[in-house]
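One structure is given below, encoded as structure tokens.
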Amino acid sequence: MRTIAEYLPEHPFFDGLDAPTMDLVVGCARNVHFDEGSTIFRTGEPAETFYVVRRGDIALEVHDPNRGGLTVASLGPGEVVGWSWLVPPYRWMFDARATSLVRAVALDGACLRGKCADDPVLGYALMQRVAQVMYGRLQDARVRLLDLYGSQP
Amino acid sequence: MTAGLAERAAPVDPMLPRRFHVVDTHLETRDTVTLSLVPEDGVDLAFAAGQFTMMHAFGVGEVPISISGDPAGGVLKHTIRDVGAVTHALVRAPRGAVVGVRGPYGTGWEVERGAGGDVVVVAGGIGLAPLRPALLQLAAHRSEYKRVVLLYGARSPEDILFGDDLDLWVREHDIDVAVTVDYGPPSWTGRVGLVTTLVARAGFDPHTCQALVCGPEVMMRYAATALVDRGVPPGRIRLSMERNMKCGVGLCGHCQMRELILCVDGPVFDYDQLAPLMDIREL
Amino acid sequence: MPESVILDPDGLQSLIERLQARGYRTIAPTVRRGAVVLADIAGLADLPRGVGDEQAPAHYRLRPTEDERLFAFAAPAQSAKAVLFPPDELLWSGRRTPEGGFSIEPGEPDGAPIALIGLRGCDLAAIAIHDRVLLGRASVDTHYAQRRRDAILIAVTCGTPASTCFCSSMGTGPKPGSGADLTLTELVDPHRFLAEAGTPRGEELLAALSSRPAGPEDSDAAEAVVAAAVAAMGRALDTEGLPELLSAGAESPHWSDVAARCLACSNCTSVCPTCFCTSIEDVSDLTGELDERHRVWDSCFSREYSRLHSGSVRTSVASRYRQWLTHKLGTWSAQFGTAGCVGCGRCITWCPAGIDLTEEVASLRELAAAAAGRSDTVPTDSDVLED
């Protein structure tokens, strides 16, 4: 059994951050879990958390009145969920639902924003990493839009 | 120059098709059918996983189709998607129909090169069909490989091919299968996302693995890049390329990609050979 | 090395008659509709006596010479390609059977064996290249093989290269290389032919004709013909490092430049004696009972050439011209061991836009040299931001 302080530095998202910087991050972290089927966050609600997924699968969804929840992306272990805590208006843009038991480390958004304001080095490092995650999600979405497996030109 | 031509035995004409009878036709998805064929002359067509044949619909024409059956033997299978006049005719061929087959042609997946290490197979859309013989070979010789992982991306759940095979490979052959779709309806509880994003977190050792990739060229580029980013050497990634083919035997010139003649030098190549060519537009 | 002999024009006529008596079609240069082409001839009288040609980019004219020479022109409009590798060849014909299957009958090349008379060095070299491409690899074009096996090749030294010729640069002429059964050099004063056998079949042909051994003045005259032709050669192609230049030049701005002129009409690939690309067509009839498989000439200049089900790979003319030139002068050697070009100059003569590949290569070299000395940055505009 490991503590958050032991686990977090090994997570790919935090790769390359030095120990003092990691201490700042760990100070905003707490251990959480979500039962299978439960809602992690809802569209429009205040976004104050950033989740580092340890175990389990999460579906990022859009709710359509006619069709219910439509999945736009599947996220899982090793990935991070949520960046709306970083950019105004700090509200979730999607629903997130645990499709299996999810264990995660939750990082408090206000806490992290405060520490980034005080420590630009931390701020820049987190921004870089979040940007990289967003870039990967954007590429995934864009290439899916090409409908490469579709049958007609 | 032509010295010796008169003395050589008359060369075999590679353009004459062999007749095969359709013994089964299985609708895989709304536009894709698997034909099971037996040779009229009783001589089975032996092939290596990854090879293709030139399939002929009488009176319509000929197209290259990858073999999707078991290289260890059995009835000859081709999984065909309806995208043009010839494939339309083949997809609609009933039991008992006679089709022409020339081949097998081309280079194969060379699955054996992965022996002793992990094998990761990345398939996009109809790309799973040319990879099916490789997966059957991996399943049949499972103990020769360490971890075997299949990452399969389809357009939507109803476009997923070979669902029974996928279940079997998981249940009985210790193959890790991750399926993802570009778009999932509300009833779909599985993964949604591009198959290439599965590469980053799939469970395999990039330094000792052999990767096999097949799908639309754009998807293969991203998949190969994702594999290289994870540390797989480009020479250990094999891709199956596609170009216009008319003869299948290196005589008509159509399938050239620079100096590579796809039907003879390929269609399966190591990524280190392909990477510089794939960057040049309209090559 | 067998001795050279001298044939007089009657001897050449006699050779033609003997070939015909043995059942050969005699195909030689002859004038048809204002051009010299290779076609069936009845005798010496059908050869282009006193005919010369003027060839330049997008320009071909016949003009009378002042003498009796039969071969006083450069490359005929069509090469031997159309004879040995016809534009449309029936590979097989199939017919549905009552049981639901179909039967197949291989197509047979038209019966008579062929004797090609008057082949230039460039065209002779092109036949050797086709032999390598169509016969020398794992899969063989059996229809070409059948025609080729019995063909008799009689070459002729070129004494009058055109301004578009550059066989010297490609090592294929003006004196024909090896591979012909007989090589003739036309001499004047008196009008005669120096004949050299290149194969046992050629020796056998010569032995049956009345001739006299060639003397020193004949050999000297023959060498003078070659020397004069070399000196008069119209163009040159710098072949130094061509494959590397072309492969490195894939993104050269030059391709857009030539694309602005090129019509993608595929004249060049039609007249080129080494181009071999074909398409396979299944031709049926209204009843659907019949299926004829034809091999027809195709061209990489066609947009359809690279079509996959969702579109063509080479949609721009620039990419198609790049493909043709890079293949012909570059990747061909990696595939087949020689350059693809024999220097006949037909692609220059018969291009309606007058595109000259020797100039295109020179432009590529200049651009490559200039690019090597330049940095890649985007030039900066002034500080005032324009609309």
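Just a few scattered comments:
- Qualifying positions in segment C:231-241 - over 19 Å from C:Gly177 (Cβ atoms) and either in a helix (DSSP H, G or I) or in contact (Cβ under 8 Å) with a residue 60 or more places away in the chain (or both): C:Ala231, C:Ala232, C:Gly234, C:Arg235, C:Asp238
- C:Ala362 out of contact with any helix residue (DSSP H, G or I) (no Cβ under 6 Å at 6 or more places or on another chain) and within 24 Å of C:Gly171 (Cα to Cα): yes
- Residue match in segment A:30-46 (condition: outside any helix (DSSP H, G or I), touching a residue at least 12 places away in the same chain (Cβ under 8 Å) and touching a His at 6+ places or on another chain (Cβ under 9 Å)): yes
- The residue that is nearest to C:Cys344 (Cα to Cα), among those in segment C:281-311 that are without any contact (Cβ under 8 Å) to a residue 24 or more places away in the chain and in a loop (DSSP other than H, G, I, E, B), is C:Asp298.
- Taking the criterion of being of a type in the set (Ser, Thr, Tyr) and either assigned to a loop (DSSP other than H, G, I, E, B) or surrounded by fewer than 20 Cβ atoms within 10 Å (Cβ to Cβ) (or both), the only residue of segment B:35-62 that qualifies is B:Ser36.
- With respect to being within 14 Å of another protein chain (Cβ to nearest Cβ), under 23 Å from B:Val199 (Cα atoms) and assigned to a loop (DSSP other than H, G, I, E, B), A:Gly136 falls outside the description.
- With a requirement of 2 or more residues that are in contact with a strand residue (DSSP E or B) (Cβ under 7 Å, 6 or more places away or on another chain) and among the acidic types (Asp, Glu), the strands (runs of 3 or more DSSP E) lying completely within segment C:1-100 that satisfy it span C:51-56, C:88-96.
- For segment C:331-357, filtered to residues that are part of a loop (DSSP other than H, G, I, E, B) and closer than 14 Å to C:Cys275 by Cα, the residue that is farthest from the other protein chains (Cβ to nearest Cβ) is C:Gly345.
- The combined condition, being in contact with an Asp or Glu (Cβ under 7 Å, 6 or more places away or on another chain) and within 16 Å of A:Cys111 (Cα to Cα), is not fulfilled by A:Glu61.
- Single unsatisfied condition, B:Gly103 versus (1) at the interface with chain C (Cβ under 10 Å from one of its Cβ atoms); (2) touching a residue at least 60 places away in the same chain (Cβ under 8 Å); (3) out of contact with any helix residue (DSSP H, G or I) (no Cβ under 8 Å at 6 or more places or on another chain): (1)
Rundown of residues vs (1) surrounded by fewer than 16 Cβ atoms within 10 Å (Cβ to Cβ); (2) assigned to a loop (DSSP other than H, G, I, E, B); (3) on the phi < 0 side of the Ramachandran plot; (4) without any contact (Cβ under 8 Å) to a residue 60 or more places away in the chain, yes/no style:
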residue: C:Val225; (1), (2), (3), (4): no, no, yes, no
residue: C:Ala229; (1), (2), (3), (4): no, no, yes, no
residue: C:Cys268; (1), (2), (3), (4): no, no, yes, no
residue: C:Cys275; (1), (2), (3), (4): no, yes, yes, no
residue: C:Ser279; (1), (2), (3), (4): no, no, yes, yes
residue: C:Leu329; (1), (2), (3), (4): no, no, yes, no
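- Here A:Thr71 passes the criteria (1) modelled with pLDDT of 90 or more; (2) away from chain B (no Cβ under 14 Å) except the one numbered (2).
- Among the candidates B:Cys263, B:Cys209, the residue that is within 14 Å of chain C (Cβ to nearest Cβ) and either under 30 Å from C:Leu91 (Cα atoms) or not basic (Lys, Arg) (or both) is uniquely B:Cys263.
- With respect to the conditions (1) within 30 Å of C:Arg95 (Cα to Cα); (2) out of contact with any Cys (no Cβ under 7 Å at 6 or more places or on another chain), C:Asp298 lacks only one, and its number is (2).
For every residue, the table says whether it meets (1) in contact (Cβ under 8 Å) with a residue 12 or more places away in the chain; (2) surrounded by fewer than 20 Cβ atoms within 10 Å (Cβ to Cβ).
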site: C:Ala58; (1), (2): yes, yes
site: C:Leu62; (1), (2): yes, yes
site: C:Phe71; (1), (2): yes, no
site: C:Pro76; (1), (2): yes, no
site: C:Lys81; (1), (2): yes, no
site: C:Thr97; (1), (2): no, yes
site: C:Pro106; (1), (2): yes, yes
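- Selection within segment B:227-279 - assigned to a helix (DSSP H, G or I), in contact with a Lys or Arg (Cβ under 6 Å, 6 or more places away or on another chain) and surrounded by 21 or more Cβ atoms within 10 Å (Cβ to Cβ): B:Leu262
- Selection of segment C:169-202 for residues being among the small types (Gly, Ala, Ser), more than 15 Å from the chain's Cα centre (by Cα) and either under 20 Å from C:Glu68 (Cβ atoms) or more than 14 Å from chain B (Cβ to nearest Cβ) (or both) yields C:Ser169, C:Ala195, C:Ala197.
- Segment C:340-374 - residue that is of a type in the set (Gly, Ala, Ser) and within 25 Å of C:Val313 (Cα to Cα) and, of those, surrounded by the fewest Cβ atoms within 10 Å (Cβ to Cβ): C:Ala353
- Any chance B:Leu251 is over 19 Å from B:Leu131 (Cβ atoms) and out of contact with any helix residue (DSSP H, G or I) (no Cβ under 9 Å at 6 or more places or on another chain): no
- In segment C:195-202 there is at least one residue matching the filter, namely being exposed (fewer than 15 other Cβ atoms within 10 Å of the Cβ), of a type in the set (D, E, K, R) and farther than 30 Å from B:Pro276 by Cβ.
- The number of residues in segment C:126-168 being within 17 Å of the chain's Cα centre (by Cα), crowded, with 19+ Cβ neighbours inside 10 Å and polar (S, T, N, Q) comes to 3.
The values are calculated or read from the model by the stated rules, or taken from the named source; none is laboratory data. Not measured: the values here are computed from a predicted model. No Cβ is skipped: glycine too gets one built from the backbone with ideal geometry, and neighbour counts run over all protein chains shown.
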